[in-house]
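*Asks:* Here it is: the structure, laid out below.
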Amino acid sequence: MSDTVIRSIIIVGGGTAGWISAAVLSRFLDPKRCSITLIESEEIGTVGVGEATVPLMQHLNGLLGIDEREFVKATQGSFKLGIEFRDWGSIGNTHFHGFGDYGDAIEGIAPHHHWLKLRGEGDSTPIDEYSLPSAMARRGRFAPPSPDPASQTSFYRYAFHFDAILYARFLRTYCEQRGIRRVEGRVVNAELEGETGRIAAVLTADGQRHAADLFIDCSGFRGLLIEETLGTGYEDWRHWLPCDSAVVAPSAPVGPPAPYTLSTAREAGWQWRIPLQHRMGNGYVYSTRFTDDARARDLFTANVQGKLLADPRVLRFTTGRRRKFWNGNCVAIGLAGGFMEPLESTSIQLIQTAIARLIDYFPDRNWDPRIADEYNRVTTSEFERIRDFLILHYCLTRREDAPLWDYCRTMELPDTLAHKIETFRAAGRVPLLAEESYQEPSWVAIFAGNGFLPDRYDPLVDRIDSEKLRAGLAQRRRLLVRAAEAMPPHEVFIQRCCPAEAA
């Protein structure tokens, strides 16, 4: 039997995507049987100015055997309970998408249906008040979930904020200790095999040739291998997600770090605030169709808290995805594979799932196209489900104060999203498809938070007497407040457990 095992892998590009890919590959592949080389250049900066994540990040840390507190220390990190949205839907509106749900099902029916019934009877309690992460965030509290399954604090999840540059350095050290070879160099070209059209080697600016069996493209928006070399093609989603630029800059911290990301809708997009231990990460994501760079920069700087620590810089992007994420012997991961604005902090999630999927469908040198086809099918589906969730934040708007919001309110939607919206409108339920990243409570958080309520609640809720239901839900609110107030302030927990050294 001929030897068709993958013996060598080259990762083009470092940053978060490159070093996560290297770390996961080093976890599953024997370095004595498969060499892994990462090529990056100090000349090329990284996009990251402060990253927010989703709870899947905890799984990555566990998989790699990384101590969570050491990770937070090394990256000047903080903890994240969810995202607070301001001025989305309407000016003055505030709602919270937390990493948890609204409680257990009551007699088999999701809790938001019981909330809907009481709301119809005149109870104006926001649905956020049934979410533990929301109760903690409002009070600036944090502690890890309790190991006691009977505790009110045992069922929520959390994520992290961190400095992306420090995180790449942290992972680089991790990888080099595990046999990953790093090459300093700027990849300028690739050499193709004449018969197969697959990549044979990459060439660096200093004239070096680097050959491998498998190539991972982590070269960012450029897509040096997947697009410039292989001409894979790109599906543009700007007609649904019209923002195409961001102005970004860090600022000095003002007060203790909040345990959540802040997203504030602006006239032509939205502005983020990501609190770290040593600084604040800031950015204004906007559409050049509805504003210009100068106005965007002015609006951004006018709304940044704290002194700017660097001059604002502008990034360009096109929301969408490659037509193939795996083409030949090249797999694109991170921004090289596609980009969706960081409204729900999905960038690192998509890096994690992409490299995990590559492990699941790891090839040999027979390059059976059915393996790449399935990888591409599943990855495309994951991208499209996240795309729909992000579009939902825009299309529910009732704002009439700016052309962007007029466009979003009236734009034609993907069929999959239109079906979700109409099903929720009719029955208060969210039909979930394959490869969904967000489950029903997350969709409910955005629907209800933007004031989009269904035409009815589940009629089976009427089995419960209204007064009994009202008393039960009031008791849940009291228990959540009590649990949150028993936790330490977020900054106190950080100082006790994972304080970073001064920057």
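*Asks:* Check every one of the helices (runs of 4 or more DSSP H) wholly within region 345-460 and list those with 3 or more residues that are within 20 Å of the chain's Cα centre (by Cα).
*Replies:* Per the criteria, 347-360, 369-395, 440-449.
*Asks:* Does A418 satisfy the condition of being free of Cβ contacts under 8 Å to residues at least 12 places away in the same chain, within 29 Å of V378 (Cβ to Cβ), out of contact with any strand residue (DSSP E or B) (no Cβ under 9 Å at 6 or more places or on another chain) and not β-branched (V, I, T)?
*Replies:* The answer is yes for A418.
*Asks:* Hey, another quick one. Being under 19 Å from I83 (Cα atoms) and either of a type in the set (G, A, S) or surrounded by fewer than 19 Cβ atoms within 10 Å (Cβ to Cβ) (or both) is the filter here; which residues of region 442-480 pass it?
*Replies:* Within region 442-480, S442, A445, A448, G449, G451, F452 meet the criteria.
*Asks:* So which of L480, L469 ends up being touching an Asp or Glu at 6+ places or on another chain (Cβ under 9 Å), modelled with pLDDT of 95 or more, part of a helix (DSSP H, G or I) and on the phi < 0 side of the Ramachandran plot?
*Replies:* Residue meeting the stated conditions: L480.
*Asks:* Quick one: which strands (runs of 3 or more DSSP E) lie wholly within region 236-277 and hold at least 1 residues that are among the polar types (S, T, N, Q) and in contact with a Lys or Arg (Cβ under 8 Å, 6 or more places away or on another chain)?
*Replies:* Values: elements: 245-251, 261-266, 269-275.
Ranges flagged: 245-251, 261-266.
*Asks:* Let me ask something else. Take the residues of region 299-323 that are surrounded by 13 or more Cβ atoms within 10 Å (Cβ to Cβ) and under 18 Å from A265 (Cβ atoms): which is nearest to the chain's Cα centre (by Cα)?
*Replies:* Only one residue fits best here, namely T319.
*Asks:* To continue, here is another question. Kindly provide the set of residues from region 158-185 that are part of a loop (DSSP other than H, G, I, E, B), surrounded by fewer than 16 Cβ atoms within 10 Å (Cβ to Cβ) and touching a residue at least 60 places away in the same chain (Cβ under 8 Å), ordered by number. It would help to see each step written out before you state the result.
*Replies:* Quick first cut of region 158-185, residues part of a loop (DSSP other than H, G, I, E, B) only: 158, 163, 177-180, 185.
Now restrict to residues that are surrounded by fewer than 16 Cβ atoms within 10 Å (Cβ to Cβ): 177-179.
Within region 158-185, R178, G179 meet the criteria.
*Asks:* Would you be able to say whether some residue in region 302-313 is in a strand (DSSP E or B) and not hydroxyl-bearing (S, T, Y)? Walk me through it before giving the result.
*Replies:* Initially, region 302-313 is screened for residues in a strand (DSSP E or B), giving 308, 313.
When the remaining residues are screened for being not hydroxyl-bearing (S, T, Y), the result is 308, 313.
Scanning region 302-313, I find at least one residue that is in a strand (DSSP E or B) and not hydroxyl-bearing (S, T, Y), so the answer is yes.
*Asks:* Criterion first (in contact with a strand residue (DSSP E or B) (Cβ under 7 Å, 6 or more places away or on another chain), within 28 Å of G92 (Cα to Cα), in contact (Cβ under 8 Å) with a residue 40 or more places away in the chain and crowded, with 18+ Cβ neighbours inside 10 Å) does I391 satisfy it? Step through it out loud before you land on a result.
*Replies:* Working: in contact with a strand residue (DSSP E or B) (Cβ under 7 Å, 6 or more places away or on another chain): no; within 28 Å of G92 (Cα to Cα): yes; in contact (Cβ under 8 Å) with a residue 40 or more places away in the chain: yes; crowded, with 18+ Cβ neighbours inside 10 Å: yes.
No.
*Asks:* Next question, about the same structure. What residue, of I180, I216, I165, I226, is in contact with a strand residue (DSSP E or B) (Cβ under 6 Å, 6 or more places away or on another chain) and farther than 26 Å from K32 by Cβ?
*Replies:* Details: I180 fails: farther than 26 Å from K32 by Cβ; I216 fails: farther than 26 Å from K32 by Cβ; I165 fails: in contact with a strand residue (DSSP E or B) (Cβ under 6 Å, 6 or more places away or on another chain).
Exactly one of I180, I216, I165, I226 is in contact with a strand residue (DSSP E or B) (Cβ under 6 Å, 6 or more places away or on another chain) and farther than 26 Å from K32 by Cβ, namely I226.
*Asks:* Can you name every residue in region 284-328 that is of a type in the set (G, A, S) and in contact with a Pro (Cβ under 8 Å, 6 or more places away or on another chain)? Step through it out loud before you land on a result.
*Replies:* So in region 284-328, the residues of a type in the set (G, A, S) come out as 287, 294, 296, 302, 306, 310, 320, 328.
Selection gives S287, G306, A310.
*Asks:* Among the numbered conditions (1) at pLDDT 95 or above; (2) out of contact with any His (no Cβ under 8 Å at 6 or more places or on another chain); (3) more than 19 Å from L230 (Cα to Cα); (4) crowded, with 17+ Cβ neighbours inside 10 Å, tell me where T423 comes up short.
*Replies:* Just one mismatch for T423, condition (4).
*Asks:* Here is a further query. Output the residues belonging to region 220-261 that are over 21 Å from P312 (Cβ atoms), surrounded by fewer than 19 Cβ atoms within 10 Å (Cβ to Cβ) and not aromatic (F, W, Y).
*Replies:* R222, E228, G231, G233, E235, D236, R238, H239, G255, P256
*Asks:* Kindly indicate whether D292 is of a type outside the set (A, V, I, L, M), farther than 28 Å from T416 by Cβ and without any contact (Cβ under 8 Å) to a residue 60 or more places away in the chain. Give the steps one after another, and end with the answer.
*Replies:* On the way: of a type outside the set (A, V, I, L, M): yes; farther than 28 Å from T416 by Cβ: yes; without any contact (Cβ under 8 Å) to a residue 60 or more places away in the chain: yes.
Yes; evaluated as a whole, the condition is true for this residue.
*Asks:* Give the residue that is nearest to G451 (Cα to Cα), with candidates limited to residues of region 83-122 that are of a type in the set (D, E, K, R) and modelled with pLDDT under 95.
*Replies:* In the first step, residues of region 83-122 are kept if they are of a type in the set (D, E, K, R); the result is 84, 86-87, 101, 104, 107, 117, 119, 121.
Restricting the remaining residues to those that are modelled with pLDDT under 95 gives 101, 104, 107.
Details: D101: 18, D104: 23, E107: 26 Å.
Filtering first and then ranking leaves D101.
*Asks:* If we keep just the residues of region 132-152 that are modelled with pLDDT under 90 and either of a type in the set (D, E, K, R) or crowded, with 18+ Cβ neighbours inside 10 Å (or both), which is farthest from A474 (Cα to Cα)?
*Replies:* D148
*Asks:* While we're here: Among the helices (runs of 4 or more DSSP H) confined wholly to region 45-156, which include 2 or more residues that are polar (S, T, N, Q) and under 24 Å from the mean Cα position of the chain (by Cα)?
*Replies:* Passing ranges, in order: 56-64.
The values are calculated or read from the model by the stated rules, or taken from the named source; none is laboratory data. These numbers were taken from a predicted model, which means no experiment stands behind them. Positions of Cβ are backbone-derived with ideal geometry, glycine not excepted, and every protein chain shown enters the neighbour counts.
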